[in-house]
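Taking it in order: structure first as structure tokens, then the write-up.
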Number of protein chains: 2
Amino acid sequence: MAKISSTVFSLRHFLVLSLALNVSLILRIVYEGEEGHDNSCLKNETGNSISRADFDTKTHNILKSRVVMSSTLSSGNSTCKYHTGSRNKVINLDHGDPTVYERFWRQRGDKSTIIISGWQSMSYFSDVSNICWFLETEFAKEVVRLHTLVGNAVTEGRHIVVGTGSSQLFLAALYALSPQHSPQPINVVCASPYYSSYPSMTDYLKSGLYKWGGNADSYEKEGPYIEVVTSPNNPDGHVRRSKVNRSEGLLLHDLAYYWPQYTPISSPADYDLTLFTLSKTTGHAGMRIGWALVKDKEVAKKMTKFIELNTIGVSKDSQLRAAKVLRAVSDSCEEENSQEGESFFKFSHNLMANRWKQLREVVDSSQLFSLPQFSPAFCNFFNQVVEPQPAFVWLKCEGNVEDCEKFLRAHNIITRSGKHFGVSRKYVRISLLDTDENFNQFVDRLSTIQSL
Amino acid sequence: MAKISSTVFSLRHFLVLSLALNVSLILRIVYEGEEGHDNSCLKNETGNSISRADFDTKTHNILKSRVVMSSTLSSGNSTCKYHTGSRNKVINLDHGDPTVYERFWRQRGDKSTIIISGWQSMSYFSDVSNICWFLETEFAKEVVRLHTLVGNAVTEGRHIVVGTGSSQLFLAALYALSPQHSPQPINVVCASPYYSSYPSMTDYLKSGLYKWGGNADSYEKEGPYIEVVTSPNNPDGHVRRSKVNRSEGLLLHDLAYYWPQYTPISSPADYDLTLFTLSKTTGHAGMRIGWALVKDKEVAKKMTKFIELNTIGVSKDSQLRAAKVLRAVSDSCEEENSQEGESFFKFSHNLMANRWKQLREVVDSSQLFSLPQFSPAFCNFFNQVVEPQPAFVWLKCEGNVEDCEKFLRAHNIITRSGKHFGVSRKYVRISLLDTDENFNQFVDRLSTIQSL
């Protein structure tokens with residue numbers, strides 16, 4: 001019995017593998033033809049070649065993955081060569097480094113290039129008439145324009161607070177929402193699986209203002225609390241609403257992935273406090289730019305105060321560049337309407353659709369893994385029914401595999417274990433925002449894993 | 001008796017006023033001729049015109065000064081005009097916004113201009129082989145080059161950690177130096193007068209790791225502590241050494257002002273942990289770039305960890321721009337040696353020397369105020385004996401004036417009271433890094449204050 005199913009499995013597997021390889025090779029030829037080079041080859045501490053690491057704030061994993069990489073690569077291998085299907089190459093998809101979008105920005109050429117003279121933007125101040133006095137007016141304007149165009153958030157009646165990535169804004173929001181004179185820190189909760197960095201970000205300074213309160217599903221304490229609602233959720237991609245839903249709850253909506261390439265845009269988000277980040281919107285993680293839409297003036301003031309005390313404002317250079325990039329995104333949408341080219345969201349939506357298609361084909365042909373199922377829904381932006389296609393794969397190891405991260409690591413695929421997200425080790429989170437190179441190698445590798 | 005001294009005072013005063021006005025007018029003609037415009041005219045929340053505010057992290061003062069400005073300016077004054085000597089114009093020198101250096105960077109033209117394409121610097125990562133994985137290699141290189149050239153810090157055997165301004169690095173250092181499992185937070189101390197933001201930055205999150213312990217001069221508790229040594233000191237400009245000097249002390253050196261324009265460079269700083277910031281070095285406060293030189297590898301790792309959890313790295317755009325600006329500074333020094341132009345430090349040193357000269361003339365002619373006295377010393381960078389000329393004026397109101405800030409505010413000069421620096425209200429801190437416009441008006445105004 002075992003022998004028969006193994007034979008059947010192998011035949012199906014080879015078909016899928018062959019298809020995946022074809023797609024992979026075609027994409028690679030196209031990609032390399034356009035790029036002319038590959039810069040995803042870096043060196044680790046020991047001088048060994050490693051693939052570009054990926055990131056998403058579960059930061060101690062960087063060092064962990066470095067150790068793994070140096071131990072799995074042969075020492076003295078000083079050139080970086082990729083061999084599709086080579087099982088020795090470590091594929092690191094632990095972090096969510098959104099390098100997948102680089103191709104779009106290369107294609108756009110100079111439209112998003114920024115030039116800053118040495119004498120520009122020297123002052124701490126951007127606009128002293130604004131509560132968020134370090135907010136660049138151009139950036140704020142483009143944020144409003146893009147939200148209006150995409151229809152994913154209400155900006156009217158909101159204060160914009162810019163942050164050094166949405167991480168800083170998450171902390172600023174905790175500071176602003178916490179009672180300042182309470183004898184006990186307020187609990188911060190989120191339904192599991194929750195973003196793996198929330199607990200450590202909340203607790204690393206042992207603040208007397210707030211502390212991590214765990215899974216919102218099982219939270220039953222009395223009194224005020226802060227609930228983080230991540231929608232679509234990181235890691236599992238599902239659309240979410242508040243879970244605790246009691247009168248003294250303060251809600252913090254992390255909408256980093258509420259963009260058309262990841263999920264159908266059903267209606268403009270209309271919450272008290274929402275966070276967005278350029279990293280996941282356009283792929284510019286290195287800029288460290290996020291923004292919050294804040295209904296309450298006092299909360300916006302306190303968030304601004306946090307950023308003053310934390311970093312005295314936010315890089316003007318990056319805000320100006322972010323304005324240019326957001327403008328290019330909005331322009332690409334408007335140009336597309338006049339038949340002049342592909343919009344950023346069409347490009348990124350197609351790209352994610354292709355990746356999810358390839359991935360589902362491989363996973364569906366395997367009995368070792370399973371993926372979450374999503375319901376298609378009408379997207380107001382694309383004006384049609386589309387499927388959710390999250391930035392992360394929330395993969396479950398079926399059968400007897402109890403530690404999915406360990407299992408995949410043995411196959412030189414680095415992922416992030418479910419344990420970091422407050423759930424079982426049978427799950428792992430895998431980035432789908434990495435380079436074509438790494439994604440294709442990942443799909444190839446996954447398709448070769450036939451049994452325990 | 002009172003009448004006679006008043007007459008003598010008035011004659012001396014008019015001579016100084018006349019001289020100050022001449023210098024002011026000449027500078028303004030030169031300045032406006034070069035600039036062709038003035039952008040220091042902003043509007044406050046009520047729509048009134050206000051001068052460009054200045055900043056230095058005593059951040060609640062922004063709002064305070066706004067209130068003052070809107071109450072002292074007539075409502076509906078929608079155009080921004082400066083009248084030298086007009087007592088109605090509010091001069092805000094509370095913050096240390098280093099806009100004074102803008103002129104140098106304009107003169108340098110394209111040499112410090114940066115161009116960044118839309119597809120560049122997208123990844124979170126800069127150099128995964130470095131402990132500080134988000135540190136841009138070019139920036140690190142220019143930091144080492146400039147320190148070597150200026151001779152103000154040892155970089156050999158140091159890890160460079162880049163931060164979103166030195167504020168973030170101050171917090172990162174507290175996190176890294178604090179014992180992680182101590183039942184009590186470690187005390188953070190600094191001799192008064194200390195930088196007004198240290199207490200609030202240390203305590204705003206009510207951390208269980210560290211807390212503000214007050215004046216280092218009177219600190220006598222047993223056990224470990226962190227002592228911040230700011231040299232030259234903000235606010236008073238004096239060169240400093242550790243005060244507590246006990247075995248369990250951990251030292252954090254804030255050397256933001258240890259540059260040739262402010263103080264003689266006596267020897268390369270050779271401490272365990274030193275902080276620098278671009279804001280005070282080159283005047284680029286809006287970039288939010290600082291760096292730490294860290295001897296201990298584990299401390300550098302923990303500081304990096306703090307920045308990961310706080311902001312997941314530091315703007316790459318600003319690091320790249322900072323590299324370009326630092327390169328321009330170093331180039332200007334090397335070009336000067338070959339007689340090709342004025343170096344940044346010569347420009348800024350001359351500028352500060354002129355300001356201090358003007359200021360001392362006015363203050364010396366008054367019996368209402370006094371300034372700190374500094375001893376000239378040999379500067380290894382300029383290769384000659386020079387006088388200290390701090391970025392801030394630490395002004396004392398003599399005689400019966402007990403609240404110097406209040407006294408000057410009545411003359412529409414906004415300063416920062418000594419009480420924020422842990423000392424008497426007879427002192428105020430005044431920024432000397434503001435625009436020529438504001439500085440000249442300040443000197444004019446000060447010279448008109450003859451009596452209580």
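FYI, it's all coordinate maths here, none of it is from the lab. These numbers come from a predicted model, not from an experiment. Heads up, the Cβs are rebuilt from the backbone with ideal geometry, glycines too, and the neighbour counts pull from every protein chain shown.
DSSP loop (so not H, G, I, E, B), at most 13 other Cβ within 10 Å: list which trypsin sites (Lys or Arg not before Pro) in region B:140-193 pass both filters.
Values: sites: B:141, B:145, B:158; in loops: B:158.
Sites meeting the loop and neighbour criteria: none at all.
Restricting attention to region B:126-183, which GluC sites (Glu not before Pro) occupy a DSSP loop and are surrounded by at most 12 other Cβ atoms within 10 Å? Mind dumping the intermediate values first?
Details: sites: B:136, B:138, B:142, B:156; in loops: B:136, B:156.
Qualifying residues, ordered by number: B:156.
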Report summary line: Simple SL model, points at 7 angstrom along Cα→Cβ for residue A:297 and residue A:127; separation in nm is 1.6
Report task. Note down the net charge around residue A:316, summing +1 for each Lys or Arg and -1 for each Asp or Glu among other residues with Cβ under 12 Å from its Cβ. Result -> -2
Report task. Arrange the following residues from fewest to most other Cβ atoms within 10 Å of their Cβ: B:347, B:421. Result -> B:347, B:421
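Can you give the FRET efficiency for residue A:110 and residue A:155, using 1/(1 + (r/R0)^6), R0 = 35 Å, r = Cβ-Cβ distance, to the nearest 0.05?
Numbers: r = 29 Å, r/R0 = 0.82.
Once rounded, the FRET efficiency stands at 0.75.
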Requested in this report: Compute the distance in nm between two label points, each set 7 Å from the Cα along the Cα-to-Cβ direction, one at residue A:360 and one at residue B:354.
Outcome: 7.0
Query raised in the report: Nm distances between the label at residue A:382 and the same-position labels in the remaining copies, 7 Å along Cα→Cβ, shortest first?
Result: 6.6
**Report entry** region A:380-420: GluC sites (Glu not before Pro) in DSSP coil with no more than 15 other Cβ atoms inside 10 Å
**Finding:** A:398, A:402
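Of A:317, A:110, A:403, B:217, how do they rank once you tally other Cβ atoms within 10 Å and put the fewest first? Numbers along the way, then the final one.
Numbers: A:317 29, A:110 9, A:403 17, B:217 12.
Going from sparsest to densest Cβ surroundings: A:110, B:217, A:403, A:317.
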Report task. Set the Förster radius R0 to 45 Å, insert the Cβ-Cβ distance between residue B:387 and residue B:419 as r into 1/(1 + (r/R0)^6), and round the FRET efficiency to 0.05. Result -> 0.95
Query raised in the report: Say a label goes 7 Å from Cα toward Cβ at residue B:335 in every copy; what distances in nm does this one have to the rest, shortest first?
Result: 3.7
Report task. Express in whole angstrom the spacing between the alpha-carbon centres of region B:340-409 and region A:377-452. Result -> 62
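So which of B:297/B:324; B:295/B:324; B:89/B:406; B:396/B:419; A:206/A:316; A:302/B:301 end up more than 19 Å apart by C-alpha?
On the way: B:297/B:324 27 Å; B:295/B:324 26 Å; B:89/B:406 16 Å; B:396/B:419 12 Å; A:206/A:316 31 Å; A:302/B:301 30 Å.
The pairs that break the limit, which is 19 Å between Cα atoms, are B:297/B:324; B:295/B:324; A:206/A:316; A:302/B:301.
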Query raised in the report: Nm distances between the label at residue A:364 and the same-position labels in the remaining copies, 7 Å along Cα→Cβ, shortest first?
Result: 8.8
Query raised in the report: Of B:245, B:294, B:224, which is farthest along the charge dipole of region B:224-323 in the positive direction, counting Lys and Arg as +1 and Asp and Glu as -1 at C-beta?
Result: B:294
